[in-house]
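First the structure, in the form of structure tokens, and then the observations on it.
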Amino acid sequence: MGATLAVARRELTGYFATPVAYVFIVIFLVLSGAITFTLGGFFARNQADLQPFFNFVPWLFLFLVPAITMRLWAEERRLGTIELLLTLPIAQWQAVLGKFLAAWAFCAIALALTFPLWITVNVLGDPDNGVILTGYGGCLLVAGAYLAVGAALSALTKNQVIAFVLAVAVCFVFAAAGSPVVTEFLSQRIPALAEVARQFSVTERFAGFQRGVIALRDLVFFASFIAFWLFANAVAVDHRKAD
């Protein structure tokens, strides 16, 4: 894991070497706070929990996470540095995993900086902090799922804008698959497909974590989902590194 962590440190340092990281964090914190207190009706609900925040996190990540992943491999290919990276004494899977872990750590930092919301809810009431902690864990898994998708799609193109649009589109499919609109539409026409869509929905799997429930099937789903897209990432890098 030494080489993997070295790549991760290199990537994470690179994030904070440019204004991109700070812009992402500021936008995420502003939007999460604004949505929690306005659309989420934080005060109007009169309940000591962070459900208004957790309800919107998957949709915030839907646009902000692809903004991180769009440069992971697309920029390497555009600048021609991917050949240099892959000629280092590291395995290809270590480079893929290292980049993913760096992006995941960055998302974890952004989530950790929302701690004022946790402080606020504890000052105003007596929340179940175990449920809140589980919700944050679910948020991190959702971020990891989106990051894996975005990284794989970034490896398919040299254009960061194309990588961003593709990642948003694919992540939206997995986010909206379990929504009532989609499942009701499918249940009326293809009932069997409605259940399949629900099972592959990231937001549906995240719902348990929001309630403070850590189900093995949800952990297996996120682990296999991330593993599949990381494998696709490695395959894409292997086939397009010489382009």
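The values are calculated or read from the model by the stated rules, or taken from the named source; none is laboratory data. Keep in mind that what you see is a predicted model, and the values were worked out from it rather than measured. Quick reminder, even Gly has a Cβ in these numbers, built from the backbone with ideal geometry, and neighbours come from all protein chains shown.
Descriptive notes on the structure:
- Just one of (1) out of contact with any Gly (no Cβ under 8 Å at 6 or more places or on another chain); (2) in contact (Cβ under 8 Å) with a residue 40 or more places away in the chain; (3) surrounded by 18 or more Cβ atoms within 10 Å (Cβ to Cβ); (4) closer than 30 Å to GLN51 by Cα fails for VAL237. It is (4).
- Taking the numbered list (1) farther than 21 Å from PHE209 by Cα; (2) modelled with pLDDT of 85 or more; (3) surrounded by fewer than 18 Cβ atoms within 10 Å (Cβ to Cβ) in turn, TRP59 passes all entries but (1).
- When VAL149, VAL123 are checked against the criterion of being in contact (Cβ under 8 Å) with a residue 60 or more places away in the chain, in a helix (DSSP H, G or I) and either in contact with a helix residue (DSSP H, G or I) (Cβ under 8 Å, 6 or more places away or on another chain) or more than 20 Å from TRP93 (Cα to Cα) (or both), a single residue qualifies: VAL149.
- Cβ-Cβ contacts under 7 Å between residues 6 or more apart (or on different chains), taken from a first residue in region 170-181 that is under 14 Å from GLN199 (Cβ atoms) to a second residue that is modelled with pLDDT under 90 and not in a helix (DSSP H, G or I), are listed as PHE174/PHE200; PHE174/SER201; ALA177/PHE200; ALA177/SER201; GLY178/SER201.
- Only one entry in THR87, THR69 is hydroxyl-bearing (Ser, Thr, Tyr) and without any contact (Cβ under 8 Å) to a residue 60 or more places away in the chain, namely THR87.
- If you check GLU204, GLU184 for being surrounded by fewer than 20 Cβ atoms within 10 Å (Cβ to Cβ) and in contact with a Gly (Cβ under 6 Å, 6 or more places away or on another chain), only one passes: GLU204.
- Test: residue in region 179-195 that is assigned to a helix (DSSP H, G or I), in contact with a Lys or Arg (Cβ under 7 Å, 6 or more places away or on another chain) and either at pLDDT below 90 or more than 21 Å from PHE54 (Cα to Cα) (or both): yes
Here's the yes/no breakdown for (1) assigned to a helix (DSSP H, G or I); (2) in contact with a strand residue (DSSP E or B) (Cβ under 8 Å, 6 or more places away or on another chain); (3) of a type in the set (Phe, Trp, Tyr):
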site: THR4; (1), (2), (3): yes, no, no
site: ALA21; (1), (2), (3): yes, no, no
site: LEU31; (1), (2), (3): yes, no, no
site: ALA34; (1), (2), (3): yes, no, no
site: GLY40; (1), (2), (3): no, no, no
site: PHE54; (1), (2), (3): yes, no, yes
site: LEU62; (1), (2), (3): yes, no, no
site: ALA67; (1), (2), (3): yes, no, no
site: LEU72; (1), (2), (3): no, no, no
